[in-house]
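A.B. asks: Quick one: the structure is below, and I'll ask about it shortly.
The values are calculated or read from the model by the stated rules, or taken from the named source; none is laboratory data. From a predicted model like this one, the values you see are computed outputs, not experimental measurements. Cβ coordinates were reconstructed from backbone atoms using ideal geometry, including for glycine residues, and neighbour counts include every protein chain displayed.
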Amino acid sequence: MPRSSMADARNPLSALGVTISVTTAITFFAGLLLILIPVYVIPVIELRIFELRVFILGFIVFGAGIVAGRSSLIGLIGFTGGFLGGFVAAVLLQLLLWPTGWELILSLALGAIAGGGSLITAKLGFRGLETILGSMRPTRRCPRCNSHVGLNARKCWSCRAALPPT
């Protein structure tokens with residue numbers, strides 16, 4: 001059975017949820033490795049410096065945003081989902097394992113970096129939306145209230161006005 005072109009259009013809220021959860025998971029687990037491995041496994045590496053860890057965590061969060069942005073539909077949804085996911089993961093990391101004293105400011109900055117990564121790779125953009133809208137079933141407008149009605153409709157669903165024949 002061939003796939004219809006409308007199967008590509010998903011619910012934007014589900015795309016937002018997927019983007020948030022993917023960004024949160026990747027950021028949390030990669031940040032967990034960044035915080036725990038140098039201290040307990042390889043103590044020779046000088047990743048105990050706060051600024052160096054924040055710098056590396058910024059790249060990790062940006063990469064998590066890039067990966068999560070592929071599941072979003074529009075750039076704004078990607079940015080929002082990446083920002084929220086990166087913020088939540090950074091807050092969890094800092095409150096549970098790595099208290100810095102800069103929890104809110106650092107979490108906002110890391111969330112913005114994750115949102116930027118998601119914004120860059122948001123899947124469709126406006127051209128993709130135009131393609132999806134172009135493949136939708138054709139409709140016409142009611143001359144009285146200007147709402148969309150089907151091609152074979154005899155009355156408008158909104159104002160109940162009689163429609164001219166097609």
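A.B. asks: Would you mind listing the helices (runs of 4 or more DSSP H) fully within the stretch 70-166 where at least 2 residues are in contact with a Leu (Cβ under 8 Å, 6 or more places away or on another chain), modelled with pLDDT of 85 or more and assigned by TED's automatic domain parsing to the domain that holds residue 53?
C.D. replies: Per the criteria, 75-96, 103-120.
A.B. asks: How about the stretch 82-97: which of its residues are free of Cβ contacts under 8 Å to residues at least 40 places away in the same chain and among the aliphatic types (A, V, I, L, M)?
C.D. replies: Passing the criteria: 91, 95, 96.
A.B. asks: Of the residues that make up the stretch 24-45, is at least one modelled with pLDDT of 85 or more and of a type in the set (Ser, Thr, Tyr)?
C.D. replies: Let us first name the residues in the stretch 24-45 that are modelled with pLDDT of 85 or more, namely 24-33.
When the remaining residues are screened for being of a type in the set (Ser, Thr, Tyr), the result is 24, 27.
Yes, the stretch 24-45 contains a residue that is modelled with pLDDT of 85 or more and of a type in the set (Ser, Thr, Tyr).
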